[in-house]
Structure formats: C-alpha cells, structure tokens
Amino acid sequence: MMSAHSLPPGQGQTAALWAGSLLKQYKNTDQPALNNFSLEVRQGEFFGLLGPNGAGKTTVISIFSGLMPPDSGTVRVMDMNFREKHNEIKHILGLAPQEIGLYNKLTASENLAFFGRLFGIKGKKLTERIRQKLEFVSLAEHAARPVSTFSYGMKRRLNLAAGLLNDPQVLVLDEPCVGIDAQSRNLIHEQLKELNRRGTTILYTTHYMEEAQELCSRICIMDNGRLVEQGPPATLLRESGMPNLEDLFLHLTGKELRDP
Ligand code: ADP
C-alpha cells in the first residue's frame, strides 16, 4: 500500500483527495476524457475545479466518488483506495451530483430517509440527521411536502442535504448552484463556507468564476482532460497580470465555443 510519504507534499499531511496520472476514455469516443490528469486536494481546502464544457470535470468527480474507475492511474481518498476500502470511504465522503437524484413523489424527509438508509443510518439517529440537514438547508418547514412541489432551488438544496447525511469529512459537489435563484445560491454558499470553517474539505466544480473567486482557497483550471493551471485565485491573478478569473480562464482555455 502506498504510504502518506509517497504522496505529493501537502504540508506533510495525507491528501483528502489524490489523483495520479488518470486516464479515462469513454466507449465510442476518439479523445480521452481525462489524459494524464493529476490532482491533490489537501485536508481543509475549499478547492474549485474549473473548466469549459466537456473539460472532464464530471468525470473527475465521478472517479473521486467511486462511481466509476479510471482506465489507469491512481485515486485515493484520505489515503484509501476504492478497491480495498469502499465501505470506509463511503462513511467519510459526501457527494452532491449534478443530476438531481431525488424521488418526486416522496416528501423531502422520505427522500432523506431513503438516502440515509443507503449509508446504513437508521432509527433515532436517522430521524435526527434528517432534521439537522433539513434545518441546515432551510427546508425544515417543508419536510412533509412532496418534492414534486419544490422549486428548482429547493431541490438543489435538498440534493445537498442528501450529500451531507453521513456528516462527510470530504464533500464533493458538481455544479451545485447551476440555474438556481439568488437566494438559494446565497444560502448554499454561506452554508458551505460554514462547513468548510468547521473543517470539511470541499471539492467544488463550477462554471461561475465569481463563485470560485468568492469561495475557493485554491482552484485548478482543466481543459481537454488535462490540468492547465492551479493555485490560489489571488496568486494566479497576480502572476498572470489578469484582472479577474473570468479573463484568466478565457486566456488559458481560449474563446472557442464548446458546444457538444
Ligand atoms: P465536464 O463535466 O467538464 O463538462 P465531462 O466529464 O462531462 O466534462 O466530459 C468530458 C468528455 O467526456 C466530454 O468530451 C464528454 O462528451 C465525454 N463524455 C462524458 N461522459 C460520457 C459518456 N458517458 N459517454 C461518452 N462520452 C462521454
């Protein structure tokens, strides 16, 4: 087993998420989605994964969440790999995927109960967790409503609550604020900052550069399955002489449209 010493330097600490030389090519495609992609997210970071459409962000998130393996390369969550420690990782990793996986006919509480049981949480503990997480995303008063009656912003907040049920040490979020109203976005931002202040490591993908600038202590910009640049936003701006992340992003990834 690889020891913490052989991981890239993260101030001597085990990396929260670590990917080495990932290669992933989907069937019937001529370009790899990830091409020798490596990344380290340190414990306690609020890390932003940025890139244009098709850059490979969701593929990275899916691999880090154990939803699919890379064709080659190494993935570790707190120095554990999915092959040997799938159950252990399940207990420390939270995921809020881009596709909302909620059941419309079930109420908010029933949805969380379903996801909680998948984590092996039950009984009083489950009831308490559900109460806590609904409170956290300001949906407590809507607990008994079917999700079909929710606005998109409410669904996004519930999707986040589902990813928090196991009180994860490491939280992976795939564009959690895409297409939602300003109030829901603000609430999600504030609550994520609070979680991060309390020690949760966050990997956050977004298209919105202002979001990355506001939230992230470090970002990486990827394109065509490769890492293009990484560092704290302020350092990247200072070194590049760009006035904001949007300009830096376009400078690094080009202005060509990325329509699929
Ligand atoms: P992003 O999240 O940055 O938009 P993705 O990880 O979704 O990027 O996609 C990376 C590349 O892999 C894109 O070229 C996309 O078209 C391709 N891709 C993603 N999922 C699949 C799939 N299931 N089958 C075939 N190609 C895919």
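The values are calculated or read from the model by the stated rules, or taken from the named source; none is laboratory data. Just so it is clear, the structure is predicted and the values come from calculations on it, not from any experiment. Reconstructed Cβ throughout: ideal geometry from the backbone, glycine too, with neighbour counts over all protein chains shown. These area figures cover heavy atoms from the full protein model, side chains too; ligands, DNA and RNA do not enter into them. Shrake-Rupley method; radii C 1.70, N 1.55, O 1.52, S 1.80 Å.
As an exercise: evaluate Glu128 against (1) assigned by TED's automatic domain parsing to the domain that holds Leu22; (2) surrounded by fewer than 17 Cβ atoms within 10 Å (Cβ to Cβ) and give the number of the one condition it does not meet.
(1)
Looking at region 236-260, which of its residues are open to solvent by 60 Å² or more (accessible area, probe 1.4 Å) and closer than 12 Å to Gln213 by Cβ?
Across region 236-260, the qualifying residues are Pro243, Glu246, Asp247.
Filtering region 81-111 down to residues that are out of contact with any strand residue (DSSP E or B) (no Cβ under 8 Å at 6 or more places or on another chain) and over 30 Å from Thr127 (Cβ atoms), which residue is most open to solvent (accessible area, probe 1.4 Å)?
Arg83
Can you find even one residue in region 228-235 that is buried (at least 16 other Cβ atoms within 10 Å of the Cβ) and closer than 27 Å to Gln169 by Cβ?
The answer is yes, given that some residue of region 228-235 is buried (at least 16 other Cβ atoms within 10 Å of the Cβ) and closer than 27 Å to Gln169 by Cβ.
What single numbered condition from (1) surrounded by fewer than 21 Cβ atoms within 10 Å (Cβ to Cβ); (2) touching a residue at least 24 places away in the same chain (Cβ under 8 Å); (3) more than 16 Å from the ligand (Cβ to nearest atom); (4) more than 30 Å from Lys122 (Cα to Cα) fails to hold for Gly199?
(4)
Looking at region 169-184, which of its residues are modelled with pLDDT under 95, open to solvent by 20 Å² or more (accessible area, probe 1.4 Å) and either closer than 13 Å to Ile202 by Cβ or among the small types (Gly, Ala, Ser) (or both)?
Passing the criteria: Gly179, Ala182.
Tell me the residue from Glu239, Glu246 that is farther than 30 Å from Asp30 by Cβ, without any contact (Cβ under 8 Å) to a residue 12 or more places away in the chain, over 20 Å from the mean Cα position of the chain (by Cα) and part of a helix (DSSP H, G or I), please.
Selected residue: Glu239, the only one of Glu239, Glu246 that is farther than 30 Å from Asp30 by Cβ, without any contact (Cβ under 8 Å) to a residue 12 or more places away in the chain, over 20 Å from the mean Cα position of the chain (by Cα) and part of a helix (DSSP H, G or I).
Considering only residues that are in contact with a helix residue (DSSP H, G or I) (Cβ under 8 Å, 6 or more places away or on another chain) and open to solvent by less than 10 Å² (accessible area, probe 1.4 Å), look in region 28-51 and name the one that is farthest from the ligand (Cβ to nearest atom).
My answer is Phe46.
Every residue in region 142-156 that is open to solvent by 30 Å² or more (accessible area, probe 1.4 Å) and basic (Lys, Arg), please.
Selection gives Arg145, Lys155.
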